[in-house]
1. Applying the selection to region 75-102, what residues are open to solvent by 50 Å² or more (accessible area, probe 1.4 Å) and out of contact with any Ser or Thr (no Cβ under 7 Å at 6 or more places or on another chain)?
2. Take region 69-93 and flag every residue that is in a strand (DSSP E or B) and within 24 Å of Met130 (Cβ to Cβ).
3. Would you call Ala110 in a helix (DSSP H, G or I) and not acidic (Asp, Glu)?
4. Specify which of the listed residues (Ala110, Ala143, Ala158) is surrounded by 16 or more Cβ atoms within 10 Å (Cβ to Cβ) and touching a residue at least 40 places away in the same chain (Cβ under 8 Å).
5. With the condition kept exactly as written, say whether any residue in region 56-64 is in a loop (DSSP other than H, G, I, E, B) and either without any contact (Cβ under 8 Å) to a residue 60 or more places away in the chain or open to solvent by 20 Å² or more (accessible area, probe 1.4 Å) (or both).
Amino acid sequence: MIAKRTSRLAVLVALPAALALTVGASSQAVAEGTGAFQINLAQLNDSGSKGTAMLSLQGKQLTVKIESEGLVPGQPSAQHLHGSTDGHDFHCPDASDDTNGDGVLNNTEATVDYGNINISLTTKGPTDMMSGLAVDRMPVANAQGKVSYERTIPVSQAVVDHIKDLHIVQHGIDRNNNKKYDFEGAGKSELDPKLPQEATAPTNCGEVLGAAVGSIPVGGVETGTGPSEEKGVPMAVMGAGGVAFVAVTGALAVARRRKSVLAAGRAGSNGSAA
């Protein structure tokens, strides 16, 4: 009876410790400025656009990789990290956020949900909010409407600490299907009347899914988990959940060993008494 109680106690003590390890490992990785996070981009404005993005942190250097499709061929696609680094909860919008009912979710309507620009994902030069409409420094979709983007950007500690609160938005739609941005498709942009609404309306949005285990598949935007090692899987690849599993398994093994030792001790005592 004593052995069973001891075994149960060992497991109960180990479980909270394992859960604490799970939380601690993930939060420590972000605090130290390391980690990789995946974002799946889903269409807005019935654009048909989709994609996959990866955010990788090394210290205060953020590498952003994006593979997306369904954009307007030959046209620049403004793109940004939106959200907050001060605790506000933002998320991707949907069609119900078209508050004026004109059939187009414009950037002002969507900003209520996804927040202001935190980082402008330009191809060169500044990446601050003021570069949000720097279309001459934004990636241009190829003839198939695909964008392939990669850039490493220095970021603040606030971005490092709140990377999971940020998300990616790409802009640019083609309402009249003429393969270009024009004023006939959706009128003037509410951000800048010199620009068509088609150029600034969001075409897709994606939120951080958590620690990534794979990478952007080469030559496409379908998500995948990437190759895995069948033997000798590194602890870093296992992630915090794997570490917690090891901790609990170890606790069970310790409990079993203690139970065996106590049982053997009891048997020995009975033998001596005989």
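1. Residues of region 75-102 open to solvent by 50 Å² or more (accessible area, probe 1.4 Å): 86-91, 94-96, 99-102.
Once the filter is applied, which keeps residues that are open to solvent by 50 Å² or more (accessible area, probe 1.4 Å) and out of contact with any Ser or Thr (no Cβ under 7 Å at 6 or more places or on another chain), region 75-102 yields Asp86, Gly87, His88, Asp89, His91, Asp94, Ala95, Ser96, Thr99, Asn100, Gly101, Asp102.
2. As a first pass, look at region 69-93 and keep what is in a strand (DSSP E or B): 69, 76, 79-83.
Correct list: Pro76, Gln79, His80, Leu81, His82, Gly83.
3. Working: in a helix (DSSP H, G or I): yes; not acidic (Asp, Glu): yes.
It is true that Ala110 is in a helix (DSSP H, G or I) and not acidic (Asp, Glu).
4. On the way: Ala143 fails: surrounded by 16 or more Cβ atoms within 10 Å (Cβ to Cβ); Ala158 fails: surrounded by 16 or more Cβ atoms within 10 Å (Cβ to Cβ).
Ala110 is the lone residue from the list that is surrounded by 16 or more Cβ atoms within 10 Å (Cβ to Cβ) and touching a residue at least 40 places away in the same chain (Cβ under 8 Å).
5. Initial filter on region 56-64 (in a loop (DSSP other than H, G, I, E, B)): 59-60.
Checking the rest, the ones that are also either without any contact (Cβ under 8 Å) to a residue 60 or more places away in the chain or open to solvent by 20 Å² or more (accessible area, probe 1.4 Å) (or both) come to 59-60.
Yes: one or more hits.
Conditions (1) out of contact with any Gly (no Cβ under 7 Å at 6 or more places or on another chain); (2) modelled with pLDDT under 95, marked per residue:
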{"residue": "Gly33", "(1), (2)": "no, yes"}
{"residue": "Leu41", "(1), (2)": "no, no"}
{"residue": "Asn45", "(1), (2)": "yes, no"}
{"residue": "Val64", "(1), (2)": "yes, no"}
{"residue": "Leu81", "(1), (2)": "yes, no"}
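The values are calculated or read from the model by the stated rules, or taken from the named source; none is laboratory data. These figures come from a predicted structure and were not determined experimentally. Here Cβ is always computed from backbone atoms with ideal geometry, including for glycine, and neighbour counts include all displayed protein chains. Please note that ligands, DNA and RNA were not included when accessible areas were found on the heavy atoms of the full protein model with its side chains. Shrake-Rupley method; radii C 1.70, N 1.55, O 1.52, S 1.80 Å.
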